[in-house]
Structure formats: C-alpha cells, structure tokens
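Step one of this worksheet: look at the structure below.
The values are calculated or read from the model by the stated rules, or taken from the named source; none is laboratory data. What you see is a predicted model; the values in this text were computed from it and never measured. Positions of Cβ are backbone-derived with ideal geometry, glycine not excepted, and every protein chain shown enters the neighbour counts.
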Amino acid sequence: MFTAANPTAFARSHGFANAYARVGVETSVSSASAHKLIELLFNGFMDAIVLARGAMRGGQIEAKGKAISRAARIVEEGLKAGLNMEAGGRLAEDLSLLHANLRNDESALDECVRLIGPLRDAWIAIGPQVEAGNL
C-alpha cells in the first residue's frame with residue numbers, strides 16, 4: 001500500500017494509472033462509431049468537471065485550470081461543433097466554465113453539469129437504437 005512516507009511510489013502508480021487510462025481512451029476512440037465518439041466527449045466533459053471540482057476543493061489552482069480548460073475544449077471543439085447555434089445557442093451561452101475557473105465557483109460547475117447531464121443521458125439512452133440502425 002502507498003503511504004505519505006513513499007510519495008515516489010504514489011507518483012509512479014499514478015503515472016501508470018494515467019498511462020492505462022490513455023490507452024483505454026485511445027482504443028475506445030479508434031474503434032468507436034460516430035455516436036460513440038460523442039458519448040466519449042460527454043464522458044470526458046463530466047470527468048473533467050469532477051477533476052476540476054476536486055482540484056477546486058483542494059486549492060490546486062493549476063490542476064483546476066487544466067481540468068476546466070479541458071472541459072471547455074471538449075465543449076468548444078467537440079460538442080458545440082454539432083450544435084445548431086440558432087436552436088442551441090442558449091446552451092452554449094449558459095456553459096460558463098470561465099466564470100467557474102476565475103471565481104472558484106462550484107455552483108457554476110453544478111450548472112454546467114445540470115445542462116450537459118440530461119443531454120449526455122439522452123445520448124447514451126439512444127445508443128442501442130443507433131447501433132442497431134433504428135435511428
């Protein structure tokens with residue numbers, strides 16, 4: 001088991017975990033359907049918010065900034081690209097990750113999860129129908 005007396009072992013195991021996760025993500029992406037890729041983006045967004053919240057609570061400013069930046073990039077470069085800005089522009093406006101970052105505002109993170117969560121859940125729910133060719 002890892003203890004505070006052995007931070008090198010902890011860092012090494014954390015590095016292994018990160019490498020394992022990267023391989024898993026890369027494998028998932030390379031074999032994913034278009035529908036599954038969007039699901040992976042939703043999941044990545046939620047993971048980044050969880051990391052940001054933990055870093056915010058721990059006073060880890062750099063880690064918080066990286067996690068929020070990752071969430072924002074997922075929205076901007078991935079999810080938002082598929083939005084109809086006339087119909088879905090309000091969602092894009094409401095995702096105020098910059099505010100959460102600058103003000104250490106967990107309630108802003110909660111709002112982002114409240115907005116993205118139902119979209120993610122619905123997307124996952126239709127997955128079997130998409131894969132079966134019914135949608």
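Tell me which residues, restricted to the stretch 32-65, are part of a helix (DSSP H, G or I) and polar (S, T, N, Q).
Answer for the stretch 32-65, where residues must be part of a helix (DSSP H, G or I) and polar (S, T, N, Q): just Asn43.
Sort out which residues of the stretch 47-72 are loosely packed, with under 14 Cβ neighbours inside 10 Å and either touching a strand residue (DSSP E or B) at 6+ places or on another chain (Cβ under 8 Å) or over 16 Å from Ala108 (Cα atoms) (or both), and write them in order of number.
The answer is Gly58, Gly59, Ile61, Glu62.
State which residue is surrounded by the fewest Cβ atoms within 10 Å (Cβ to Cβ) when the search covers only the stretch 73-108 and only residues that are modelled with pLDDT of 90 or more and hydrophobic (A, V, I, L, M, F, W, C).
Ala108
What do you reckon, is Leu115 at pLDDT below 85, in contact with a Leu (Cβ under 8 Å, 6 or more places away or on another chain) and in a helix (DSSP H, G or I)?
no
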